[in-house]
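Structure first, then comments.
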Amino acid sequence: MPGRTVLVSDPTWDNHHGLFQRAGFKTATYPYWNRANRSVDFDGMVKALEAAEAGSIVVIQPVCHNPTGVDLDERQQAAVTDVLVAKGHIVVFDMAYQASAPASTTMPPSCAATRSARAASWPIPSRRTSRSMASAAAA
Ligand SMILES: Cc1ncc(COP(=O)(O)O)c(C=O)c1O
């Protein structure tokens, strides 16, 4: 898979670009944050994920999004999951701050992202760190 493009949110944790590029991927962004409204650009995100080539690699931060601190609500997460499944995108969940959020909203199977992913029969790794994230995408 190296050489392919990994889609990350705009904005994202800066190191996402560096670590995937270092592993041989290109990086590009999908809209996430509406700076004017100071809220998630949900429509922009969905449109971009729909427009992306089928089978794209997409990094999703389902909880405690870095750097905005604002997450999709459960309805939005379910809608995004529908798009990810319909397009056959390859998803890398980055839940680096899962332990910092209320357990009831983040821990599998309660986390909306992983619950909807489970419903879609995705395999959910227990934890990925920055050291293993790029190799997960490369697998
Ligand atoms: C979004 C995000 N992913 C991954 C990491 C790195 O996590 P770890 O130190 O567990 O590899 C960080 C750390 O700041 C982060 O903000």
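The values are calculated or read from the model by the stated rules, or taken from the named source; none is laboratory data. Computed from a predicted structure; not experimentally measured. Note that we place each Cβ from the backbone using ideal geometry, even for glycine, and neighbour counts take in every protein chain shown.
Can you tell me which of Gly69, Gly44 is over 13 Å from the mean Cα position of the chain (by Cα) and modelled with pLDDT of 95 or more?
Gly44
Taking the range 33-64 only, how many residues are under 15 Å from Val91 (Cβ atoms) and within 12 Å of the ligand (Cβ to nearest atom)?
Summing the residues that are under 15 Å from Val91 (Cβ atoms) and within 12 Å of the ligand (Cβ to nearest atom) in the range 33-64 gives 5.
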Residue, surrounded by the most Cβ atoms within 10 Å (Cβ to Cβ), within the range 1-29, restricted to residues that are away from the ligand (no atom under 15 Å from the Cβ) and not aliphatic (A, V, I, L, M): Phe25
Test: His65 is within 13 Å of Val40 (Cα to Cα) and not hydrophobic (A, V, I, L, M, F, W, C): yes
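With Val91, Val80 as the choices, which residue is hydrophobic (A, V, I, L, M, F, W, C) and over 21 Å from Leu19 (Cβ atoms)?
Among Val91, Val80, only Val80 is hydrophobic (A, V, I, L, M, F, W, C) and over 21 Å from Leu19 (Cβ atoms).
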Number of the condition not met by Ser100 [criteria: (1) within 17 Å of Leu7 (Cα to Cα); (2) of a type in the set (S, T, N, Q); (3) surrounded by fewer than 17 Cβ atoms within 10 Å (Cβ to Cβ)]: (1)
Test: residue in the range 95-112 that is under 12 Å from the mean Cα position of the chain (by Cα), at pLDDT 65 or above and of a type outside the set (D, E, K, R): yes
Candidate set: the range 47-58, residues that are hydrophobic (A, V, I, L, M, F, W, C) and in contact with a helix residue (DSSP H, G or I) (Cβ under 6 Å, 6 or more places away or on another chain); chosen: the one nearest to Gln21 (Cα to Cα): Ile57
